[in-house]
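Take a look at the structure set out below.
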Amino acid sequence: MTELSSLKLIKSPVGKISIGATQSGVAQIEILPPGSVRIEFSDSAKAHRFALDAADQLSEFFAGSRKGFSVPLDIAGTAFQLAVWTQIAKLDFGEQKTYAELASAVGNPKAVRAVGGAVGANPVPLLVGCHRILGSERRITGYSGGEGLVTKRWLLDFEQIEFKE
């Protein structure tokens, strides 16, 4: 990952969110676990603008007035990870896929576990809505942000996505 030039913190219904940006776009979103501490900073006006724009869009999302995001991203990964994240980014608010469906969408239906790894490595959750990816039979699976499955359940309920425990 490119070194961050700006870090912005916001409060949300799922906890504090850290937004990291470079001079090329938003590079990191982290839903912080309770008790985590981050310090805001900005070494670049351009990166700060990206972080502020993402903060505004996330606030609108949680207020129910935004269904998608338009901030530029500056994310790095393998070609496979980027393909998976691109497919996830195509999902609309309230839409979901299973890991198997996502594997098929990237042209490798047998790569379900690898897709799971790519989903878990998503550097910009919420902006690339990896919470919308479910296990077989639409079962809820792990989530690395915030309080894990508690956070994922909240996001799925917020988007009215049906899932099984």
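Here, each number is a calculation from the coordinates, and none is a lab measurement. Because the structure is predicted, anything quoted here is derived from the model rather than measured. Cβ coordinates were reconstructed from backbone atoms using ideal geometry, including for glycine residues, and neighbour counts include every protein chain displayed.
A simple spin-label model places the labels of THR141 and ARG38 2.5 nm from each other, with each point 7 Å out along Cα-to-Cβ.
Couplings 3J(HN,Hα) of the stretch 123-128, computed from phi: x, 10, x, 6, 5, 10 Hz, in residue order, whole Hz [Karplus 6.51 cos²θ - 1.76 cosθ + 1.60, θ = phi - 60°; x for Gly and Pro].
Projecting the alpha carbon convex hull of the stretch 1-94 along each direction and taking the average yields 6.4 nm². Protection proxy ranking of 104-113, 117-126, 7-16, by the mean of other Cβ atoms within 10 Å over each peptide's residues and highest first, is 117-126, 7-16, 104-113. Derived from the Cα gyration tensor, the three semi-axes of the equivalent ellipsoid of the chain are 26, 18, 14 Å, largest first. Look at where the Cα atoms of the stretch 69-136 and of the stretch 1-53 average out, and the two centres are 21 Å apart.
Distances between placed amide hydrogens fall under 5 Å for GLY146 paired with ILE31, LEU32, all partners being 5 or more residues away or on another chain. Helix screen, the chain: DSSP H segments with Cα axial length of 18 Å or more and mean Kyte-Doolittle hydropathy at least 0.0 are 45-63.
In plain terms, if you count all Cα to Cα distances in the stretch 79-158 and split them into 10 Å steps from zero, the share in each step is 20, 59, 20, 1 percent. Shown in residue order for the stretch 26-41 are the 3J(HN,Hα) couplings computed by the Karplus curve 6.51 cos²θ - 1.76 cosθ + 1.60 at θ = phi - 60°: 6, 10, 7, 10, 9, 7, 6, x, x, x, 6, 10, 9, 10, 5, 7 Hz (x for Gly and Pro).
In straight-distance terms, cross-link reach from LYS16 covers every one of the lysines whose alpha-carbon lies under 18 Å from its own, apart from those fewer than eight places away in the same chain; here that gives LYS8, LYS152. Under 5 Å from the amide H of LEU134 lie the amide H atoms of LYS97, THR98, TYR99, each residue being 5 or more positions distant or on a separate chain, with H modelled from the backbone and absent for Pro and chain starts.
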